Amino acid sequence: MSMRGPGGRNQFLTEEEKKNAPKVTKELLARIFSYLAPYWKQMAIVLIAIIASSVLSILPSVLTGKIIDEGLLGRDLNRLIFLIVLSLAVTLGSNLIGVLESYMNTWIAQHITYDMRNQMYAHLQKMSQSFFTSNNQGDIITRMTSDISGVQQIITNTFTSILSNTITLIVALVAMFQKNWVLAVTGIIIVPLFTLPTRKAGKTRWTLTQESQAVNDQINGILNETLSVSGQLLVKVFGMEKFEYRKYRRANEKMIKLNIRESMAGRWFRVVISTVSSVGPMLLYLVGGILMMKYNADLTVGDITVLVTLLGRMYGPVNSLLNIQVEWIRSMAMFTRIFGYYDMPVEIESAPDAITPSEAHGNIEFKNVYFQYNPERMILKDVSFKLESGHSIAIVGPSGSGKSTMINLIPRLYDVTEGSVEFDGVDVRKLDLEFLRKNVGIVTQDTYLFNGTIRENLMYANVHASIEEMEEACKKANIHDYIMKLEKGYDTPVGNRGLKLSGGEKQRISIARVLLKNPAVMIFDEATASLDSISEKAIQDAIDPLIDSRTSILIAHRLSTILAADEILVVKDGTIVERGTHKDLVSAGGVYTELYNTQFKPQITELEAA
Ligand code: ATP
C-alpha cells in the first residue's frame, strides 16, 4: 500500500502547513466553484461515469458469490460460464468507463488551468513596476506554474477521489447489508482496525524521515563548511580538527540510529498490514460460519465469500478518505494563494473616465511633485519644471539623486505621491494609459533586448512598421551600417538578453527601437557605464541630432548631450537645485560647476583624443 497521498505528496501535514491552513469560507468555495461552473456539462458526464464505474467495479465481487453458489456448488456448467463471462464483461465495462472518466477529467482540469493561467498572466501584466521590484521573481513564476498546475492535480485527483471513493464505499456497504446485516456490521468494525494502525505506522515513519532529513542537512552543512578550501584553512589555523571531527561524528551517529529506526518502522508497518489484512477476512469467515451453522441456514458459502471480497474492496477507499482532509487543506491553501495574487490591487490603470486626446504634442509639466517608493523616505521633493513641445531638457546630478525616478513618473511606471505630472496640460493619471505610454518613449539605462533577432527586437516597438521605416530608424540611431555588416543582417539573433551584442550596440538598437515607435516625447536615460571612446562617439552621433529635432528629456552624463539641450536641471537629493544653460551654470560655483569639473571636463580631453 502506498504511503503517499493521491497528489504524490505525503499524507501528513507539516507543522507549517497546519499553522497556515486557510479558513474555508463560503466565499472561497463559491469562488472555486465559479471556475468549475462553465464546465458543468462535462462535470455531469464525469459524475455519471464515476457512479457507473464505481457500481460496476463492485459487481464482480457480488458475482463471485453466484459463481460459487450457482455455478460451482450448483454444479451447473452453463451457468458458471455465463457468470464468468458476465463478470469479465462487467470488469471490462467498468474499465472502459474509467477511460472516459479520466479523459473528461483531464479535459476539464486542463481547461480550468488554462483559464486561471490566462487570468493570472493578464493580471500580472497590469501590476505596477513596484510590484516587480519588490516581489521575488521566483515566487511570481511559482505562482504561475506550480500552484496553477496544483489546481489540475486537485481536480483530477482530490475531487474525483472523494467522489469515487465515497460512491464505492456506499455501494459496497449497501451490497453488504443486503447480504447480511450482522456480517456487514462486523465488517464495519474491522475496517478501522485495519486502517488506524497503518496510519499510525505511517505517521511514525514520516516523523522519522523528517528527522533524518534534518540531520542529513546538518551533515551536509558541516561537510560544506569544513571541507571547502577556506573552511579547511580556518579549521587548520585555529587547530579545530578534533572539535570538527567530534561534531561530525555526533551527527553521523544520530543519522545511523534514525536510519535503523526508520527501516524497522517500515518492517513493523508491513507486519501490521499483513496480519490485520488477514485477520479481517478470517473474522468474517468465523462469524459467517457461526451464523450459517448455528443460526441462519439462508446464508450461503457464496454470500460469505462476497462479503469477504467486499471487505477487501473497502480498505482502499477508507484509507483514501482518511487522507482527504490533508489533501483538502492543501488544496484550499493553494487556491487561497492563487486568489491572493488575483486580489492584489492594480495600482496603476486607466481611470474609468480617462481622456484620450486626438493628438499628442509632448508638453510635459511637473507641478510640485513629491514621490516616495516606500513610506520611510521621500525621494523627490517639490520638483517643478516645464518642457515645451520641440524643446529639450537635460537632467544632471549625482548618482542616486532621483533622476531616473523623475522620468519614471512620466509614463506612470509609478504615480506621484503628491503634486502632479501633466502631459499636454492633462494630469497623466487622467489620461488613457495606452495613449500616454504610446506617446512617451524611454531608452533606459540598461537596455533590455529579448532573445530573438535584431528585426524582432526592433519591430517590438511598432509591429506595423515597414522595412524602410525600420532601416531609417537604424540609420538615425547610427547602427544600420553595423547591422548590414553582419552576416545575417537584421536577422541576426541577439542572444539571451542581447548578450551577443556589445553594450554600445545594444544602446543604439534600443534608440532605433524608440525611434520606430515615434513617440511625442523621448526620454533618454544615458548609461553611466563607461564605453570606449569609439562606441561613445557613435552613441553621441546618434543622440545629438535627435535632441535638436524632438521633444526630449535626457538624463545626461555626457557633456555633448548636455550642451545640446535647451535647459539643464541640476538635481540633488531629490530637489532641483539649479537650472539654466550651460553658460549660466558653469561659472555659478554650485553643484553644476562641481559636476563639470569632476565629470564633464575630463570627457573633453578623452573625446579629443578619440
Ligand atoms: P543614477 O544616476 O545612479 O542612475 P538616479 O539619480 O537616477 O541615480 P534613482 O535611480 O532615481 O537615482 O534613485 C533615487 C533613489 O531612490 C536612490 O536612493 C535609490 O536607492 C532609490 N530607489 C530607486 N528605485 C527604487 C525602488 N524601486 N524602491 C525603493 N527605492 C528605490
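The values are calculated or read from the model by the stated rules, or taken from the named source; none is laboratory data. It should be emphasised that the depicted structure is a prediction, and the values quoted were computed from it without experimental measurement. Neighbour counts are summed over all protein chains in view; Cβ atoms, including those assigned to glycine, are modelled from backbone coordinates with ideal geometry.
Key figures for this structure:
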item	result
The one condition in (1) free of Cβ contacts under 8 Å to residues at least 24 places away in the same chain; (2) within 16 Å of residue 36 (Cα to Cα) that residue 108 fails to fulfil	(1)
Given (1) within 13 Å of the ligand (Cβ to nearest atom); (2) over 24 Å from residue 586 (Cα atoms), index of the condition residue 396 fails	(2)
Any hit, segment 172-186, residues being among the aromatic types (Phe, Trp, Tyr) and assigned to a helix (DSSP H, G or I)	yes
Residue match in segment 369-392 (condition: in a loop (DSSP other than H, G, I, E, B) and crowded, with 22+ Cβ neighbours inside 10 Å)	no
Residue count for segment 399-449, restricted to those that are within 15 Å of the ligand (Cβ to nearest atom) and under 31 Å from the mean Cα position of the chain (by Cα)	19
Residues of segment 98-139 that turn out to be among the β-branched types (Val, Ile, Thr) and within 16 Å of the ligand (Cβ to nearest atom), as a count	1
Residue count, segment 407-456 (criterion: on the phi > 0 side of the Ramachandran plot and either without any contact (Cβ under 8 Å) to a residue 40 or more places away in the chain or in a strand (DSSP E or B) (or both))	1
Among the candidates 142, 195, 168, 156, residue that is without any contact (Cβ under 8 Å) to a residue 60 or more places away in the chain and in contact with a helix residue (DSSP H, G or I) (Cβ under 8 Å, 6 or more places away or on another chain)	156
Boolean, residue 87 is surrounded by 18 or more Cβ atoms within 10 Å (Cβ to Cβ), of a type in the set (S, T, N, Q) and at pLDDT below 90	no
Exclusive hit being among the basic types (Lys, Arg), under 29 Å from residue 69 (Cα atoms) and surrounded by fewer than 16 Cβ atoms within 10 Å (Cβ to Cβ), set 294, 236, 247	294
Subset of segment 457-477 [touching a Phe, Trp or Tyr at 6+ places or on another chain (Cβ under 9 Å) and touching a residue at least 24 places away in the same chain (Cβ under 8 Å)]	457, 458, 460, 470, 474
Subset of segment 457-493 [of a type in the set (Gly, Ala, Ser) and in a helix (DSSP H, G or I)]	473, 489
Condition check for residue 317: modelled with pLDDT of 85 or more and in contact with a Ser or Thr (Cβ under 7 Å, 6 or more places away or on another chain)	yes
Which numbered condition residue 530 fails, given (1) at pLDDT below 80; (2) surrounded by fewer than 21 Cβ atoms within 10 Å (Cβ to Cβ); (3) part of a helix (DSSP H, G or I)	(3)
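Okay, residues lined up against (1) of a type outside the set (A, V, I, L, M, F, W, C); (2) closer than 30 Å to residue 285 by Cβ; (3) surrounded by 18 or more Cβ atoms within 10 Å (Cβ to Cβ); (4) not assigned by TED's automatic domain parsing to the domain that holds residue 32:
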residue	(1), (2), (3), (4)
64	yes, yes, yes, no
71	yes, yes, yes, no
75	yes, yes, no, no
96	no, no, no, no
106	yes, no, no, no
119	yes, no, no, no
